[in-house]
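Student: For reference, the structure I am asking about is given below.
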Amino acid sequence: MIRGVIVMNDRGKPRLVKFYEFQPAEKQQELIRSIYRVLCSRAENVSNFVKVDSLFGQDVRLVYKTFATLYFVFIFDSSENELAMLDLMQVFVETLDKVFSNVCELDVVFNFNKVHTILEEFILGGQVLETNSSEVVKTVEEILKMERAANSIKVVPSIPGWQGR
Amino acid sequence: MVYGIYLGLGLMCFDVGFALEQLKTIGRELAMSSQGGFGQSKEFLDLIKSIGEARSKAEEDRIVLREIDTLKARLSSPNITKFKLKEYLMRLIYVEMLGHDASFGYIHAVKMTHDESLLLKRTGYLAVTLFLNEDHDLIILIVNTIQKDLRSDNYLVVCAALNAVCRLINEETIPAVLPQVVELLGHQKEAVRKKAVMALHRFYQRAPGSVSHLISNFRKRLCDNDPGVMAATLCPLFDLITIDVNSYKDLVVSFVNILKQVAERRLPKSYDYHQMPAPFIQIKLLKILSLLGNGDKKSSEQMYTILGDIMRKCDSASNIGNAVLYESICCVCSIHPNPKLLESAADTISKFLKGDSHNLKYLGIDALGLLIRISPEIAEQHQLAVIDCLEDPDDTLKRKTFDLLYKMTKSSNVEVIVDRMIDYMISINDHHYKTEIASRCVELAEQFAPSNQWFIQTMNKVFEHAGDLVNTKVAHNLMRLIAEGFGEDDNTADSQLRSSAVESYLRIIGEPKLPSTFLQVICWVLGEYGTADGKYSASYITGKLCDAAEAHSTDDTVKAYAVTALMKIYSFEIAAGRKVDMLPECQSLVEELLASHSTDLQQRAYELQAIICLDARAVENIMPMDANCEDIEIDKNLSFLDAYVQESLEKGAQPYIPEDERSGLSTSSNFRSQDHESSTHALRFEAYELPKSSVPPKVPSVLSSSVELVPVHEPSYVADVPQPATSALTVSNSGSSELKLRLDGVQKKWGRPTFSSTTPSTSSSDTFESNNGTTRHESISSTKSKVHDVSYDSRKQQPEISSEKQKLAASLFGGASKSDRKQSYSGQKVSKTNSHGADKSDLIKAASSSDTAAVIPTSQPPPDLLDLGEPTVTSSAPSVDPFKQLEGLLDPTQDTTKLSSSGVSVPNAPDIMSLYADMSLSGQSTTVANPPPNAIETHLAKQPSKGPNVQEFLEKDALVRQVGVTPSGQNPNLFKDLLG
């Protein structure tokens, strides 16, 4: 299963953190820091895989890839295939790029709820759910449409109700 | 039954262009409607900006703490609109992602999940799934909402609830939502069915018992007419099959059929990815099949055809195609072997290894590790590739290669492999991996050591560099080996071994920063055997020991070992009738220890003092030479005390009552509470444990007087104790007896059954040979490099295969079956040349001629290249040099191969890297001078459907600059080149 997905920038600042097994906040920070350290020490033009069994236990690996200023990291165990994970990451990023046209780091920072929505369509509970970028785009688009529709109807009447409580 | 299911499905057409167009409008709308341009408020923007500009962690923390204060104040104010609240929640998530506590806002997230609006509900769910773990107290407030949402008409609400279910429901709350989730397995929307399957799977992971009656649902969903749901079902089935293979053997036919349909492109086009039919489903199915076919001939036979098909059809130019290929290899290696499939697996592996991509090499090495278990001979043809990987700067690849070497170690190549491992171990800092490598070295050395000498040397190295990381058992093993020697009646060899050990330790002991465990071994060996061969004087050894004890004054264990070693040496001296004069530093050491805080050290020091004053005969009894090998008989009944007990009883002492009988009696109140406590199990509190320890000394009056039995510090005790030989031994020789005891159960693994007896005789010729080889090699490589300069782009050269490397290869891969290889020498030779490519045959010829020339004088059977594997070859000093030369050669040649990769035999596997490279920023990826043709194609294909929106692009750019989040990146637009 997939243990986690992390997006961080090239200075180690987390931009999206999702662990599929609960990790307390301090532990999360520690993991992010250690992963960042590992990634920094990697030379260019080497493989995209790193064994991280010292951080996550037996047989856990990560796949990482740099996209401009961002590191995308998938952490997973032996029930997944490294290359396939790399491609899944690719699909994920392509999808981000479709949803935010010309996605950049700030898109990920400000709209991380949307990024989470996209990620949820790909991976659920640590298992790969969907691998088709356009399918995900379709779903996400539908969600956004619904959300906006809900807003336009609800905005006016719901606010007083909320304040009244 | 599954066979025909997907036939009736139409193509799920999805107009990408349309979707993108729509998305763009959405994006624009969002951009316009929001103040910041990213759909967030100015405040959030400022927060991110200031954090981005923070110069230190402390400054960042200050900013975040201020933000937390703001949020706290805002959240507690009564007049707060829902949409403000949503934004605050997002900021909370952000703050928590940066590692700060946002627990004060959790309740707001929980409240938000109750909201009717999808946007707010989803935000609420997102927040709770990120904030809470499944055992959090607030979960109970959400369960109700989840229940309601699972029943919603809006499938997006249901999906949101299912997402939350996967993350938040624990064993206790499963029953609350289980019926609804099961119901959703039949939902009309496939997205919901998929998620319901996943949720059920999650329940199974959390608490297998809670859903054990529902497992049949997974089988049912396998026949779902949506391929996506079927694919989702493979995840839980994979887990289930991993746990219990036998219950799912009946599904082999179904899985094979599904795989067949997938491979034959019967699935809708939307499942295609990079022209591969549903590769992710294929991978999952292959994983499942490899489990089901493992060790099961009948099931395996059903898979052969489809596996062959897949491996034939797979597109090895794309990343995902290789992923499927790799998975097929894993499957082929796991199921009952089929020669034809193994052959194509071997072919694929060699393609992987020959590729330029590190990722492929990594997979190739991994797959090779699987394949050599079935057909060990395959390793040979990839030896050079493996060695290349071993030298590779990529750490991941290196480790993978070491994993492979570890798997293929045997007695013929153990020396080379362990040497390499140790070198690598020394070079790395990662504790975790260092420990792993060290323990592997030890394991391999114990299993395959060709000689004890080598074993000791290897252990020394391991201890020296990773002594604190290896198990102490290893140290005891080493001591035992030195003490017991070969386990044969060959005393001279044993004493040689010991002298060499002593010699090496005397050399090492002076070094600073030795690990404690290693020092213990050293002290023990020096104490036992330091003076045994008469080469070193007692004062020399004791001086060294004292230095060691002084240098490690904080380490009590080392000091204890050192003192005991001193004691042994002195007593051997006394026993031999020589006069002992203690060195002043020893004197001061002993005096220091006499006043030590550690009673153990004190006792040892007192013992030492006591023994020195004794005469030779007594000392000989206490400290017999080489006593550590004697089996210590333990008299559990303490029969030697019988007389004493009898005497005491006659004097009126109470008889000893064994503990079990004693607990039956309830004479004293003290005992009463004691046995009361032990007999009733219902209420047991830890605090009651205490009295127990005070009981034993109280009970037998006999024992209380027996303190006299250990009068270690009394100078006259030898005369008192009735049987000094045994008891004194156990007491004073405590250092060694302790070790002795811990050693039991350790299997003796080293030895010579697999050790080739020809080695010693050839060693002389080999050293000669290696000299010859290296000088030759130097000349070869120099000429090569000249040639290289001239005609380096004219053809695909591989001059890097030097004789040195070949030797390494030979020592790693050769010698599996030395004897039969010798007979088939000539045939082997030919195949070797072929496999390495004809263009370097001249080199091989040269190398081999040097070999034969070197060997002829000794009239050995003609060794092939593979027989060069001698430790002297790789460890000898001159061999280092050619490697360095080699490295200089390597780089340009790799460039050549890269440039000319379009030409030759290697099918375009390496293109994947460049394919990906075009995703990354063009400014950074200067290396990709000419992207491969298919990359360009995708480029072009994409452009018309989605042209770059210049306006938006610039806005973003400007904003990014202004905000300054990424001061290091010149171009903040991540995926510019994706769009052309």
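Student: By how many nm would the segment from residue B:53 to residue B:539 grow when fully extended, if each residue of separation counts as 0.36 nm and the alpha-carbon distance is taken off? Mind dumping the intermediate values first?
Tutor: Numbers: separation 486, 0.36 × 486 = 174.96 nm, distance 6.66 nm.
Stretched fully, the residue B:53-residue B:539 segment lengthens by 168.3 nm.
Student: So what's the Cα pair-distance distribution over region B:79-146, bin width 5 Å, in %?
Tutor: With a bin width of 5 Å, the distribution comes to 4, 18, 32, 25, 16, 5, 0.
Student: Sort B:137, A:10, B:115 by Cβ crowding within 10 Å, fewest neighbours at the top.
Tutor: B:137, A:10, B:115
Student: Could you check how many percent of all C-alpha pairs in region B:184-273 are farther apart than 22 Å?
Tutor: 28
Student: Through the Karplus equation 6.51 cos²θ - 1.76 cosθ + 1.60, θ set to phi - 60°, convert the phi angles of region B:197-207 into ³J(HN,Hα) values in whole Hz; use x for Gly and Pro.
Tutor: 4, 4, 5, 4, 4, 4, 4, 4, 5, 5, 9
Student: Evaluate the distance, in nm, between pseudo-label points positioned 7 Å from the Cα of residue B:373 and of residue B:298 along their respective Cα→Cβ axes.
Tutor: My value for the distance between the label points is 2.4 nm.
Student: If you take the beta carbon distance between residue B:135 and residue B:84 as r and set R0 to 25 Å, what does 1/(1 + (r/R0)^6) give as a FRET efficiency, to the nearest 0.05?
Tutor: FRET efficiency, residue B:135 to residue B:84: 0.20.
Student: Amide H of residue A:123: which non-local residues (sequence gap of 5 or more, or other chain) have their own amide H closer than 5 Å, using H built in the peptide plane?
Tutor: It is A:129, by chain and number.
Student: Still on this structure, please answer the following. Order these by the 10 Å Cβ neighbour count, fewest first: B:108, B:114. Walk me through the numbers before you get to the answer.
Tutor: Details: B:108 19, B:114 15.
Exposure proxy ranking, most exposed first: B:114, B:108.
Student: Over 23 Å apart: what share of the alpha carbon pairs of region B:375-468 falls there, rounded to a whole percent?
Tutor: Working: 979 of 4371 pairs.
Result: 22 percent of Cα pairs exceed 23 Å.
Student: Quick check on region B:426-571: what are the equivalent-ellipsoid semi-axes from the Cα gyration tensor, as sqrt(5λ), descending, whole Å? Don't skip to the answer; put the middle values down first.
Tutor: Numbers: eigenvalues 113, 84, 25 Å².
In descending order the semi-axes read 24, 21, 11 Å.
Student: Moving on. For region B:140-192, take N as its residue count and report Rg(C-alpha) divided by 2.2 N^0.38 Å. Write down the numbers at each step before the final one.
Tutor: Details: Rg = 10.2 Å, N = 53, 2.2 N^0.38 = 9.9 Å.
Here the Cα radius of gyration is 1.03 times the empirical estimate.
Student: Full-extension gain between residue B:532 and residue B:182, please, as 0.36 nm times their residue separation minus the C-alpha to C-alpha distance.
Tutor: So the chain would gain 118.2 nm between residue B:532 and residue B:182.
Student: Cα atoms only, region B:527-640: Rg and Dmax in Å?
Tutor: Considering region B:527-640 through its Cα atoms, Rg and Dmax are 14.6, 44 Å.
Student: For the cross-link pairs B:298/B:354; A:65/B:148; B:298/B:407; A:27/B:72; B:361/B:473; B:513/B:579, which exceed 30 Å when the distance is taken from alpha carbon to alpha carbon?
Tutor: Numbers: B:298/B:354 35 Å; A:65/B:148 40 Å; B:298/B:407 28 Å; A:27/B:72 24 Å; B:361/B:473 37 Å; B:513/B:579 34 Å.
Violating the 30 Å Cα-Cα cut-off are B:298/B:354; A:65/B:148; B:361/B:473; B:513/B:579.
Student: Report Rg (one decimal) and Dmax (nearest whole number) for region B:297-358, counting Cα atoms only, units Å.
Tutor: 11.5, 39
Student: Report, to two decimal places, the Cα Rg of region B:281-412 normalised by 2.2 N^0.38 Å (N = number of residues).
Tutor: It is 1.02.
Student: Compute the distribution of all C-alpha to C-alpha distances in chain A, in bins of 5 Å from 0, and list the percent of pairs in each, rounded to whole numbers.
Tutor: So the P(r) values, bin by bin, are 2, 8, 17, 20, 19, 13, 8, 6, 4, 3, 1, 0.
Student: Return P(r) of region B:257-333 (all Cα-Cα pairs; 5 Å bins starting at 0; whole %; ordered from short to long distances).
Tutor: 3, 17, 31, 26, 14, 6, 2, 0
Student: What are the equivalent ellipsoid semi-axes of region B:254-297, built from the alpha-carbon gyration tensor (square roots of five times its eigenvalues), in whole angstrom, biggest first? Let's see the in-between values first.
Tutor: Working: eigenvalues 100, 21, 8 Å².
In descending order, the three semi-axes are 22, 10, 6 Å.
Student: What is the gain in length, in nm to one decimal, between residue B:245 and residue B:597 on full extension, counting 0.36 nm per residue of separation less the C-alpha to C-alpha distance? Present the calculation step by step, with values, prior to reporting the outcome.
Tutor: On the way: separation 352, 0.36 × 352 = 126.72 nm, distance 5.97 nm.
Gain on stretching residue B:245 to residue B:597: 120.8 nm.
Student: With +1 on the Cβ of every Lys and Arg and -1 on the Cβ of every Asp and Glu, and nothing else charged, how large is the dipole of region A:1-142 about its Cα centre, in debye rounded to the nearest 20?
Tutor: On the way: 15 positive and 21 negative charges, 120 e Å.
Roughly 580 debye, rounded to the nearest 20.
Student: In addition: Output ³J(HN,Hα) for region B:552-568: one whole-Hz value per residue in order, computed from phi by the Karplus curve 6.51 cos²θ - 1.76 cosθ + 1.60 with θ = phi - 60°, and x for Gly and Pro.
Tutor: The phi angles translate into 10, 5, 8, 9, 5, 5, 4, 4, 4, 4, 5, 5, 4, 5, 4, 4, 5 Hz.
Student: What Rg and what Dmax come out for region B:207-353 when only alpha-carbon atoms are used, in angstroms?
Tutor: Rg then Dmax for region B:207-353, in Å: 15.2, 47.
Student: Where the Cα atoms of region A:13-59 are projected onto their three principal axes, how long is each span, largest first, in whole Å?
Tutor: Extents along the principal axes: 33, 27, 15 Å.
Student: Please report the net charge: other residues with Cβ closer than 10 Å to the Cβ of residue A:140, K and R +1, D and E -1. Could you put the intermediate results ahead of the total?
Tutor: Values: positive: A:98, A:114, A:138, A:145; negative: A:120, A:121, A:135, A:141, A:142.
Here the charged neighbours net out to -1.
Student: Mind sorting B:250, B:394 by how few other Cβ atoms lie within 10 Å of their own Cβ, fewest first?
Tutor: B:250, B:394
Student: Moving on to the next point. Between residue A:30 and residue B:654, what is the FRET efficiency for a Förster distance of 51 Å, r being their Cβ-Cβ separation, to the nearest 0.05?
Tutor: Working: r = 60 Å, r/R0 = 1.18.
E(calc), rounded to 0.05, equals 0.25.
Student: What does the charge dipole of region B:326-471 about its Cα centre add up to, to the nearest 20 debye, if the Cβ of each Lys and Arg holds +1 and the Cβ of each Asp and Glu holds -1?
Tutor: Numbers: 14 positive and 22 negative charges, 62 e Å.
Its charge dipole is roughly 300 debye.
Each reported figure results from applying straightforward, stated rules to the coordinates on display, with no laboratory input. The shown structure was predicted, so the numbers you read here are calculated from the model rather than taken from an experiment. Note: ideal-geometry Cβ built from the backbone for every residue, glycine included; neighbour counts use all protein chains shown.
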